[in-house]
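A.B. asks: Take this structure first; my questions come after.
Since every read-out is calculated from the coordinates, none of them should be taken as a lab result. As the structure is a prediction and not an experimental result, all values here were calculated from the model. Backbone-built Cβ (ideal geometry, glycine too); neighbour counts: all protein chains shown.
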Amino acid sequence: MAENKASTSSKSRYDILQNDKGEILIIIQQRSGGPENPLFVYDGSQYALLYRSHESTVYFDDIVEGARTPLKSVTTMQIVEIDNDEVVREYMVPIRIVKDVKALMD
C-alpha cells in the first residue's frame, strides 16, 4: 500500500501503513488526553474522521487511492500517536464505514 502523508485539519501529518497480513496502522501526532472509546469513520473516499474522545476528533483528508480499498477491508486498525518521533500511545480502533464523512461534519 502506498504510504500516505498529508495534513489533517489541525495541520498535523499522518501516515497510513499496511503490513503483509493486511493490518492497518495509522501514525498521528500526539493529541491532548487519552482516547475514550475511539472510532474511525470512513466512507471509501479521501476523507475520514478519528473520534478519539468527546472533545477530540482528527480529520483526515487526501487519503491516497492506494490506501482506500485496504481501509474498507478491515474492521479494526491500530493508531500510534507520536511526539518528536517517540511513541506516546498505541490503541486499537474499530472502523465504521458510512456513506458520507463530510455530511457528518455539517
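A.B. asks: Using +1 at the Cβ of each Lys and Arg and -1 at the Cβ of each Asp and Glu in the chain, identify which of Val98, Gln46, Gln29 lies farthest towards the dipole's positive end.
C.D. replies: Positive-most Cα among the choices belongs to Val98.
A.B. asks: Find how many whole Å separate the alpha carbon centroid of region 22-40 from the alpha carbon centroid of region 62-82.
C.D. replies: 11
A.B. asks: Shifting gears a bit: At what distance in nm do the modelled label points of Lys21 and Ser45 sit from each other, each positioned 7 Å from its Cα along Cα→Cβ?
C.D. replies: Taking the simple label geometry, Lys21 and Ser45 are separated by 3.3 nm.
A.B. asks: Continuing with the same structure: Only Lys, Arg, Asp and Glu count, each charged at its Cβ (+1, +1, -1, -1), so figure out the dipole size of region 6-100 about its Cα centre, rounded to 20 debye.
C.D. replies: 280
A.B. asks: Looking only at region 15-59, which residues have a backbone nitrogen under 15 Å from a spot 7 Å from the Cα of Glu86 in the C-beta direction?
C.D. replies: Only 30-31 pass the distance filter.
A.B. asks: Related question: What is the sum of charges around Phe40, taking Lys and Arg as +1, Asp and Glu as -1, for the other residues whose C-beta is under 13 Å from the C-beta of Phe40? Present the calculation step by step, with values, prior to reporting the outcome.
C.D. replies: Values: positive: Arg52, Lys72, Arg96; negative: Asp43.
Around Phe40, the surrounding residues sum to +2.
A.B. asks: Determine the calculated [θ] at 222 nm for the chain from helices alone, applying -39500 (n - 2.57) to every DSSP H run no shorter than 4 residues and normalising by the residue count; nearest 500 deg cm²/dmol.
C.D. replies: On the way: 2 runs with 12 residues, N = 106.
Rounded to the nearest 500, it is -2500 deg cm²/dmol.
A.B. asks: Let me ask something else about it. Can you pull the Rg over Rh of region 6-100, Cα-only, Kirkwood?
C.D. replies: That ratio is 0.92, to two decimals.
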